[in-house]
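Visitor: Following this message is one structure expressed as structure tokens.
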Amino acid sequence: MAEAHQAVAFQFTVTPEGLDFHLSREAIKQFYLAGISSWKKRFVRAKNSFLTGVYPASPSSWMVVVMATAGSFYCQVDPSMGLIARIRCCLPESQLLSYESRTIVSAVLFSTGVWLSAVLLFRQTMKLLLSYHGWMFEPHGKMSRSTKIWVALMKVLSGRKPLLYSFQTSLPKLPVPPVEATICRYLESVRPLMDDEKYSKMEALAKEFKEKTAPRLQKYLILKSWWTTNYVSDWWEQYIYLRGRSPLMVNSNYYAMDFLYVTPSHVQAARAGNVVHAILLYRRKLDRGEIPPMMALGIVPMCSYQSERMFNTTRIPGKETDTLLHLLDSKHLAVYHKGRFYKVWLYYGGQVLKPRDLELQFQRILDAPSPPQPGEERLAALTAGDRVPWAEARARFFSQGKNKVSLDAIERAAFFLTLDEEAHGYREDKADCMDAYAKSLLHGQCYDRWFDKSFTLVVYKNGKLGANAEHSWADAPIIGHLWEFMLATDKFHLGYTEGGHCVGDPDTRLAPPQRLQWDIPQECQAAIESSYRVAKALADDVDFCCFQFSDFGKGLIKKCRTSPDAFIQISLQLAHFRDKGCFCLTYEASMTRLFREGRTETVRSCTTESTAFVRSMGDARQSRAERQRLFKLAAEKHQHMYRMAMTGAGIDRHLFCLYVVSRYLGVESPFLAQVLSEPWRLSTSQTPQQQLKMFDLDKYPDHVSTGGGFGPVADDGYGVSYIIAGENLITFHISSKFSSSETDSKRFGRNIRQAMLDIAKLFD
């Protein structure tokens, strides 16, 4: 609702005759419409919550049960075996309830009980079926009889169109693996990285841990798994993310990019208007639970709980630990442009602003000539630096007055938008254009993104866009889901005029965006500059290489009879060995969303099988057939490890939780201390593609996504993100640090390209 209307909705003056009231009809109308919209939203939420709660049943199925019971009574058959008569006896006798009326009420209550019992039975059956993961380990193209039966039952039980959270209570809990199995898999994973002496020492530590310390820690962990929904996720969020005191920028946050080749509109305000409207459409669907859940094989649901905090969420700094502030709703947007902060209302008369209205508001910001207030321009550098100085500055300078009001407007916004003054994107005539694009999204100027928000949408002056996302509330596939919806809606549903503007006519009655006001003293400005220096040094040290590999894609890789992910991971091992002359502990992110509140698990991609293949590629004595054999063994091993991680039989999350328990109990474990201190010098992740399938990529091949990336995890290591976009394109995002003499992102990129080509030649 526009603030100009709020200000004049109700006024009164004192006259000799008494009080003179003045009401704004337009304002009252807007209040009325906003109220109607709010109640509609509540009704839809309540309805969808009920439908989610009784899934896979429905209100119509309840009616069927009631009518069947009534029909049985009409035929003088009692299906309740006397229960209806007992319920009737418990009902109070009154003139309002005759004998027949009490019989009808009793029958309805009995039918409802039968219906609810059936719902619970269906859910427990669904949970048992979802605990079966044998389908994942079967050979490609083959299906056992038990899996066929399982598929048929899943189709029967999930036949009705599900809502986003329909399967949440039916998802199984993440199992706690046996300690012996986890330690065995751990030792197997580090064997190719250690010489015989180091491995013997690690074996001894592992044996001592397994026999003395682990049994007690495991009992506590199993107890936690009984009482909590997921024995990992709360500790992972708390200790890996929220307790981190180093800058979020580069170290934790990640980014997402626009279409690679296509820019739907080069008008900055118009592109911002369309994509913000598309995001709000997604938020409305999310609030109502109307987004279909992600399904593996089309029948296996994945957990959707991470989506709950996508909007209206901010990470609040603390001296020892951060917290997440999440609101049920937010009706405004925080915008940054040329060092100035604005508050833009997203609703008018209870309705979401249309794209053309949003374009008008953003254009007003772009055209505003006012300069930044003292200390305002680099204010967001506080969110880019260390967490403790930000927490102290927030408590000291932003806890009252206009600073608190303005900070609340940012932290309570739906999300954050930066109207960037730079131009970025893919250009054939500029070799390092994608590197600059990636660095801009990862850290920008260190003060023009609000790194604490769940995500910052960045729209450049040439119409390109991207996002920087905070990591604690959810993982990259969640933002990826929103991103795909936004891009497809922007391009294929909303569209633009020939001049590049949003479709429709703007409503000029809208009040202009509200400029946020600050009173930033010199001490606070000094804190801002201190955080900026820390962030700037960190940003300047990031060495980035983003490139497109177009020699082949997943089409040719599948001809090698292996998964594209395994092919790329083995290529990365070969590239790293050529780059550094050694192997290293490798992290690949896998998801555990087959379980309730599941997040991620680590796949340790550097295996004995992959190192054997890599060594064979440098051994001239090895035949082509032998190299093919070793490659297939490495690929099969990698796929098996990935499946194990997805099904709750990973290594690192279990060991991490055992370590947390040991810290709570004050137990020292040399084995766990050694495990958790090992650096990940190669951290990798695949960006999912076409999660929604809102358009046919084969029909629109130039609308491929560029994916996204993240900063290096180790000071002397590489961070590698990749997206397999279409049949003939793979985009790599490689990060490292200039300060390390051992790394060079462009050199590593060349090694990856050559490794991919060399492996492909084996199967020509």
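Visitor: What does the charge dipole of the chain about its Cα centre add up to, to the nearest 20 debye, if the Cβ of each Lys and Arg holds +1 and the Cβ of each Asp and Glu holds -1? Spell out each step's value before the answer.
Guide: Numbers: 94 positive and 79 negative charges, 433 e Å.
Its charge dipole is roughly 2080 debye.
Visitor: So, one more: Using R₀ = 56 Å, calculate the FRET efficiency as 1/(1 + (r/R₀)^6) where r is the Cβ-Cβ separation of residue 153 and residue 422; round to 0.05.
Guide: Numbers: r = 55 Å, r/R0 = 0.98.
E(calc), rounded to 0.05, equals 0.55.
Visitor: Compute, for residue 390, the solvent-accessible surface of its heavy atoms (probe 1.4 Å) with the complete set of protein chains present, and express it in square angstrom to the nearest 10.
Guide: 0 Å²
Visitor: Evaluate the Kirkwood expression for the hydrodynamic radius of the stretch 429-524, namely the inverse of the mean inverse distance over all pairs of different C-alpha atoms, and round to one decimal in Å.
Guide: Taking every pair of different Cα atoms in the stretch 429-524, averaging 1/r and inverting gives 16.9 Å.
Visitor: Quick one: putting +1 on the C-beta of Lys and Arg, -1 on the C-beta of Asp and Glu, what dipole do you get for the stretch 411-564 around its Cα centre, in Debye to the nearest 20?
Guide: 640 debye
Visitor: Here's a follow-up. Carbon and sulfur: what percent of the stretch 54-187's accessible surface (1.4 Å probe)?
Guide: 70 percent
Visitor: For labels at residue 67 and residue 81 in the simple 7 Å Cα→Cβ model, what's the distance in nm?
Guide: 2.7 nm
Visitor: Residue by residue, what Karplus-based ³J(HN,Hα) values in Hz, rounded to whole numbers, does the stretch 747-754 have, using 6.51, -1.76 and 1.60 with θ = phi - 60° and x for Gly and Pro?
Guide: 4, 5, x, 5, 5, 5, 4, 5
Visitor: Between the stretch 710-738 and the stretch 114-164, how many Å separate their Cα centres?
Guide: 37 Å
Visitor: A further question follows. Please give the Cα centre distance for the stretch 265-310 versus the stretch 178-250, rounded to the nearest Å.
Guide: The stretch 265-310 and the stretch 178-250 have Cα centres spaced 35 Å from each other.
Visitor: Report, in listed order, any pair from 161/331; 161/699; 173/219 with a Cα-Cα distance greater than 19 Å.
Guide: Over 19 Å Cα-Cα: 161/331; 161/699.
Visitor: To continue, here is another question. On average, how much accessible surface per residue is there in the stretch 59-157, in Å², for a 1.4 Å probe, leaving out ligands, DNA and RNA?
Guide: About 69 Å² of surface per residue is accessible.
Visitor: What list of ³J(HN,Hα) couplings, whole Hz, do you get for the stretch 608-625 from phi and the Karplus terms 6.51, -1.76, 1.60, once you set θ to phi - 60° and write x for glycine and proline?
Guide: Once θ is set to phi - 60°, the couplings for the stretch 608-625 become 4, 5, 5, 5, 5, 5, 4, 5, 5, 5, x, 10, 5, 6, 6, 7, 5, 5 Hz.
Visitor: Another question, if that's okay. Under 1.5 on a/c is rounded, so check that first for the stretch 591-739, then, if it is not, pick prolate when a/b is larger than b/c and oblate when it is not; a ≥ b ≥ c are the square roots of the alpha carbon gyration tensor eigenvalues.
Guide: Oblate.
Visitor: For the chain, what does -39500 (n - 2.57) per DSSP helix run (n ≥ 4), summed and divided by total residues, give at 222 nm, in deg cm²/dmol to the nearest 500?
Guide: Rounded to the nearest 500, it is -14500 deg cm²/dmol.
Visitor: Can you tell which of 87, 156, 119 lies farthest toward the positive end of the dipole of the stretch 59-157, using +1 and -1 charges on the Cβ of basic and acidic side chains (Lys, Arg; Asp, Glu)?
Guide: Of 87, 156, 119, it is 156.
Visitor: For residue 600, which sequence-distant residues (separation of 5 or more, or a different chain) have an amide H within less than 5 Å of its own amide H, given hydrogens modelled in the peptide plane?
Guide: Sorted by chain and number, the residues that satisfy this are 592.
Visitor: Pick out, from 684, 667, 695, the residue whose Cα sits farthest towards the positive end of the charge dipole of the stretch 663-704, with +1 on the Cβ of Lys and Arg and -1 on the Cβ of Asp and Glu.
Guide: 667
Visitor: Calculate the length of the line joining the C-alpha centroid of the stretch 460-515 to that of the stretch 406-443, in whole Å.
Guide: First find each Cα centre; the distance between them is then 13 Å.
Visitor: How large is the dipole of the stretch 59-157 about the Cα centre if only Lys and Arg carry +1 and Asp and Glu carry -1, each at its Cβ, rounded to the nearest 20 debye?
Guide: 500 debye
Visitor: Would you be so kind as to identify which of 537, 479, 506 lies farthest towards the positive end of the dipole of the stretch 468-546, taking Lys and Arg as +1 and Asp and Glu as -1 on Cβ and the Cα centre as origin?
Guide: Of the listed residues, the answer is 506.
Visitor: Also, I was wondering about something else. What distance in nm lies between label points placed 7 Å from Cα along the C-beta direction at residue 529 and residue 551?
Guide: So the two model labels end up 5.1 nm from each other.
Visitor: Considering the values (1) 14, 44, 31, 10, 1, 0; (2) 14, 33, 30, 19, 4, 0; (3) 14, 39, 27, 15, 6, 1, 0, which represents P(r) over Cα pairs in 20 Å bins from 0, in percent as calculated for the structure under consideration?
Guide: (1)
Visitor: If amide H atoms are built 1.01 Å from N in the plane of the peptide, which residues on other chains or at least 5 residues away come under 5 Å of the amide H of residue 455?
Guide: 416, 470
Visitor: As an exercise, use a Förster radius of 30 Å and the Cβ-Cβ distance of residue 715 and residue 364 to find the FRET efficiency, rounded to the nearest 0.05. Could you put the intermediate results ahead of the total?
Guide: On the way: r = 44 Å, r/R0 = 1.48.
So the FRET efficiency works out to roughly 0.10.
Visitor: Taking θ as phi - 60°, what are the ³J(HN,Hα) couplings along the stretch 673-684 by the Karplus curve (6.51, -1.76, 1.60), each to the nearest whole Hz, with x for Gly and Pro?
Guide: Computed from phi, the couplings for the stretch 673-684 are 4, 5, 4, 7, 9, 6, x, 8, 7, 9, 10, 10 Hz.
Visitor: For the chain, what does the relative contact order come out to in percent, with C-alpha contacts under 8 Å and a separation of six or more?
Guide: 17 percent
Visitor: Amide H of residue 465: which non-local residues (sequence gap of 5 or more, or other chain) have their own amide H closer than 5 Å, using H built in the peptide plane?
Guide: Amide H to amide H, under 5 Å and 5 or more residues apart or across chains, residue 465 pairs with 258, 460.
Visitor: Separate question: Considering only Cα-Cα distances, which of the following residue pairs are longer than 18 Å: 439/746; 554/761; 338/491?
Guide: Among 439/746; 554/761; 338/491, the Cα-Cα distance tops 18 Å for 338/491.
Visitor: Add +1 for every Lys or Arg and -1 for every Asp or Glu among the other residues with Cβ under 9 Å from the Cβ of residue 728, and state the total.
Guide: Numbers: positive: 554; negative: 551, 727.
Residues near residue 728 contribute -1 overall.
The values are calculated or read from the model by the stated rules, or taken from the named source; none is laboratory data. In this text the structure is predicted, and so the values were computed from the model without any measurement. We place every Cβ from the backbone using ideal geometry, glycine too, and count neighbours over all the protein chains shown. Accessible surface is based on the protein model in full, side chains and every heavy atom, while ligands, DNA and RNA are left aside. Shrake-Rupley method; radii C 1.70, N 1.55, O 1.52, S 1.80 Å.
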